[in-house]
Amino acid sequence: MFNFFKSKKSRPEEEKAVEKEETAKDAALSPQSKEEIPQDAVKTSLPAESEPVTAKSEVIQEETEETRPTSFAGKLRVGLARTRQNLSKQLSGLFGGGKIDEELYEELETILLTADTGVNATTQLLEDLRQQVKKKGLTDAADLKTALKESLVEMLKPLERPLDTTANSPFVIMITGVNGVGKTTSIGKLAKYFQSQGKSVLLAAGDTFRAAAREQLIAWGERNNVTVIAPDTGGDKKNDPAAVIFDAINAAKARGIDIVLADTAGRLTTQMHLMEEIKKVKRVIGKAIPDAPHEVMLVLDANTGQNAVTQVKAFDEALDVTGLILTKLDGTAKGGVVAAICGQYPQNPPALRFIGVGEGLDDLRPFNANDFVNALFD
Ligand SMILES: Nc1nc2c(ncn2[C@@H]2O[C@H](COP(=O)(O)OP(=O)(O)O)[C@@H](O)[C@H]2O)c(=O)[nH]1
Ligand SMILES: [Mg+2]
């Protein structure tokens with residue numbers, strides 16, 4: 001459950017347990033009494049430097065520093081290694097040379113479909129490829145790799161619409177999606193990302209369904225010196241997620257915070273009452289700031305393949321999704337789901353704001369079609 005903190009796994013368990021307990025106590029904040037509580041009580045402040053570093057963790061850090069690339073382009077390549085290996089194994093036979101014929105197109109179609117590209121996107125890509133072959137007068141299959149890369153970049157380019165948070169302050173981002181896709185983890189990564197741009201961030205622990213979700217966010221906030229609004233009911237009663245987020249937005253307004261990241265509980269699109277609940281969360285956010293949320297961000301797990309496309313449709317119908325995060329691209333050998341999303345919305349694909357290629361804090365970055373396609377091929 002706390003895989004979120006994998007980078008810290010070398011720390012002794014007892015230490016983590018104590019810290020968790022303290023964090024839960026310190027950062028707890030009831031919605032009613034928020035204004036009277038001094039900022040320090042809410043603002044968790046444990047600078048990273050003050051963390052005890054054991055000899056063991058030093059060794060692990062050395063190992064990871066040696067083996068892990070530091071640039072995101074490098075990480076993207078490592079993250080997409082499984083997809084790339086899978087593709088190159090299949091494509092090398094195909095693009096090795098020889099005639100461009102129907103048989104080749106058919107084989108390519110199969111490869112794309114098995115990489116989760118989906119029927120629509122596959123059809124679109126093959127059409128584009130045929131046109132390129134005709135236009136450029138290509139005859140050798142060896143030239144097809146470059147042509148396929150071009151077709152892919154052209155297809156994925158419309159997804160590349162980075163999130164601009166400058167128009168509103170606070171800029172409210174509501175995070176949604178099914179269970180386990182990486183919502184809370186992505187919030188941690190996003191907070192880090194925005195902080196690195198000099199923006200102040202506040203987190204709203206709107207997943208009131210699981211107590212662990214609240215703790216996960218609080219503990220993360222403590223480590224990274226980020227304010228977390230996470231009311232404690234003090235009993236079995238669950239907080240209303242809409243109320244928690246509403247309070248968080250008001251706290252952000254009062255403190256002049258730039259960005260609010262609101263976590264929500266995971267839900268299946270078939271759970272009608274939970275879909276109604278998330279609609280309510282969105283409406284209530286609009287009561288705190290009339291045009292908020294400024295971004296409804298749907299988090300998708302790349303491993304779920306075509307199911308991800310179904311999730312986009314259902315969440316969009318309920319919430320008017322404005323942006324996507326695609327996580328765990330490092331965990332799948334089928335990166336085609338990115339194209340599948342385009343195939344579903346050929347006219348107006350949703351904005352793919354960020355992609356996640358690992359569990360580290362820096363493993364989430366804005367989507368770039370060129371970089372992505374380059375990392376997919378050898
Ligand atoms: N490999 C990998 N794991 C991820 C990524 N993003 C999230 N995870 C893991 O997915 C699991 C579920 O994440 P969590 O944020 O709790 O999901 P939530 O239920 O949607 O909030 C955790 O173990 C995360 O470490 C990613 O980009 N790559
Ligand atoms: Mg969560």
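Projecting the Cα positions of G96, V133, L113 onto the charge dipole of segment 95-134 (unit charges on Cβ atoms of Lys, Arg, Asp and Glu, taken about the Cα centre) puts V133 furthest along the positive direction. A full extension of the chain between T123 and D291 corresponds to an added length of 56.6 nm, given 0.36 nm per residue minus the alpha carbon distance.
Other residues within the sphere of radius under 11 Å centred on the Cβ of T165, judged by their own Cβ, net out at -1 (K and R +1, D and E -1). Model label sites at E106 and A211, defined 7 Å from Cα along the beta-carbon direction, differ in position by 6.1 nm.
By the beta-carbon count within 10 Å of each Cβ, the least crowded to most crowded order of T310, T70, fewest first, is T70, T310. In terms of surrounding Cβ atoms within a 10 Å radius of their Cβ, I257, I341 rank from fewest to most as I257, I341.
Measuring against 19 Å, Cα to Cα, the residue pairs K149/K328; K183/K282; K192/K282; K183/K287 contain K149/K328; K192/K282; K183/K287 as the ones spanning a longer distance. Once the Cα-Cα distance is subtracted from the 0.36 nm per residue extended length, the Q131 to Q306 segment shows a gain of 60.3 nm. Pairs over the 23 Å Cα-Cα cut-off, from the set K145/K334; K237/K280; K199/K253; K89/K134: K89/K134. Once the Cβ-Cβ distance of H273 and S92 is raised to the sixth power relative to R0 = 56 Å, the FRET efficiency obtained is 0.65.
When Rg and Dmax are taken over the Cα atoms of segment 230-308, they come to 14.4, 43 Å.
In debye to the nearest 20, how big a dipole does segment 275-378 give about its Cα centre with +1 on each Lys and Arg Cβ and -1 on each Asp and Glu Cβ?
Taking the Cα centre of segment 275-378 as origin, the dipole is about 360 debye.
Going by neighbour counts of Cβ atoms within 10 Å, the residues K183, K287 line up, fewest first, as K287, K183.
A short reminder: the numbers here are calculations on the coordinates, not readings from a lab. Worth saying up front: this structure is predicted, and the values here are computed from it rather than measured. Counting neighbours? That spans all protein chains shown, and the Cβs are built from the backbone with ideal geometry, glycine included.
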